[in-house]
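Working notes, beginning with the structure itself.
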Amino acid sequence: LQVISREKGLELDFRENPLTVKFKNGSVIYLMGLNQSDDQAEKLLGQKYKLVVVDEAASQKRDLRDIIYGKIEPATADLNGTICLIGTTGNVTSGLFYDVTTGQEKGWDIHEWDWRDNPYMKDKIQKQIDQMVLDNPEIVNTPIFKQMYLNEWVIDTDQLCYKISDKNIISYFKEYDDSWT
């Protein structure tokens with residue numbers, strides 16, 4: 001934000017504690033780290049917000065349902081504010097961001113695009129992908145490629161504590177006795 005302020009001559013007032021940016025017209029941007037602690041989310045209570053953006057919503061470690069519906073949504077009522085959940089898909093295929101982006105959570109508008117829709121980056125990213133595929137053609141089958149470049153919800157089983165798959169689930173035993181538990 002400081003770079004943008006300098007380049008555009010915005011003369012914004014930056015304060016480090018709390019992390020805020022004040023505009024000449026009175027508008028304020030508050031920067032918060034919701035994953036930092038429960039206290040950060042509690043600071044949202046009792047405020048008035050016109051716009052709240054939760055960035056990297058798939059990566060949030062805290063319960064977004066409680067934060068959005070229990071803290072942020074009430075704080076947007078006074079100003080008829082808007083809440084935006086933005087981010088890239090991830091490994092956790094549950095929770096509010098997953099439900100919103102897959103259409104399971106009603107009441108949200110979904111807007112999605114990927115690198116191919118960015119006229120400033122698409123040639124650079126295509127060049128990067130071409131090189132990655134040249135170096136390793138199987139890269140396109142990896143969860144990280146599918147998440148970061150195709151914006152697909154894919155679980156990277158290598159990131160799981162319990163690597164559950166169809167290969168290691170036994171639904172029945174041919175021979176059973178009382179010693180099995």
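Taking the conditions exactly as written (more than 24 Å from residue 154 (Cβ to Cβ), more than 19 Å from the chain's Cα centre (by Cα) and not aromatic (Phe, Trp, Tyr)), does residue 106 satisfy them or not? Before you say what the answer is, go through the steps one by one.
On the way: more than 24 Å from residue 154 (Cβ to Cβ): yes; more than 19 Å from the chain's Cα centre (by Cα): no; not aromatic (Phe, Trp, Tyr): yes.
No.
Listed residues 104, 47; which is modelled with pLDDT under 95 and either open to solvent by 30 Å² or more (accessible area, probe 1.4 Å) or over 27 Å from residue 148 (Cβ atoms) (or both)? Talk me through it step by step, then tell me what you get.
On the way: 104 fails: modelled with pLDDT under 95.
Answer to the check: 47.
If you go through region 113-127 one residue at a time, do you hit one that is of a type outside the set (Asp, Glu), under 19 Å from the mean Cα position of the chain (by Cα), closer than 18 Å to residue 59 by Cα and open to solvent by less than 90 Å² (accessible area, probe 1.4 Å)?
No, the conditions are met nowhere in region 113-127.
Against the conditions (1) loosely packed, with under 14 Cβ neighbours inside 10 Å; (2) not in a loop (DSSP other than H, G, I, E, B), where does residue 109 fall short? Just the number, please.
All conditions are met except number (2).
So, residue 38, is that one open to solvent by 80 Å² or more (accessible area, probe 1.4 Å), free of Cβ contacts under 8 Å to residues at least 40 places away in the same chain and more than 18 Å from residue 76 (Cβ to Cβ) or not?
For residue 38, the condition - open to solvent by 80 Å² or more (accessible area, probe 1.4 Å), free of Cβ contacts under 8 Å to residues at least 40 places away in the same chain and more than 18 Å from residue 76 (Cβ to Cβ) - is met.
Do you know which residues across region 50-61 are open to solvent by less than 80 Å² (accessible area, probe 1.4 Å), of a type outside the set (S, T, N, Q) and under 16 Å from residue 90 (Cβ atoms)?
Scanning region 50-61 gives 54, 57, 58.
For region 62-90, give me each residue that is surrounded by fewer than 21 Cβ atoms within 10 Å (Cβ to Cβ) and either closer than 20 Å to residue 154 by Cβ or of a type in the set (Asp, Glu) (or both).
63, 66, 73, 78, 86, 87, 88
Against the definition (part of a loop (DSSP other than H, G, I, E, B) and under 14 Å from the mean Cα position of the chain (by Cα)), how does residue 152 come out, yes or no?
On the way: part of a loop (DSSP other than H, G, I, E, B): yes; under 14 Å from the mean Cα position of the chain (by Cα): yes.
Yes; evaluated as a whole, the condition is true for this residue.
Can you say whether residue 47 is farther than 20 Å from residue 98 by Cα, of a type in the set (S, T, N, Q) and in contact (Cβ under 8 Å) with a residue 24 or more places away in the chain, as far as the supplied structure shows?
On the way: farther than 20 Å from residue 98 by Cα: yes; of a type in the set (S, T, N, Q): yes; in contact (Cβ under 8 Å) with a residue 24 or more places away in the chain: yes.
Answer is yes for this residue.
Return only the number of the condition from (1) farther than 24 Å from residue 1 by Cβ; (2) acidic (Asp, Glu); (3) in contact (Cβ under 8 Å) with a residue 12 or more places away in the chain that residue 135 does not satisfy.
Tallying (1) farther than 24 Å from residue 1 by Cβ; (2) acidic (Asp, Glu); (3) in contact (Cβ under 8 Å) with a residue 12 or more places away in the chain, residue 135 fails exactly one: (3).
Could you please give the count of residues in region 43-90 that are among the β-branched types (Val, Ile, Thr) and over 19 Å from the mean Cα position of the chain (by Cα)?
Matching residues across region 43-90 total 1.
The values are calculated or read from the model by the stated rules, or taken from the named source; none is laboratory data. Quantities reported herein were computed from a predicted structural model and do not represent experimental measurements. Note: ideal-geometry Cβ built from the backbone for every residue, glycine included; neighbour counts use all protein chains shown. Side chains included, ligands, DNA and RNA excluded: accessible areas come from the protein's heavy atoms. Shrake-Rupley method; radii C 1.70, N 1.55, O 1.52, S 1.80 Å.
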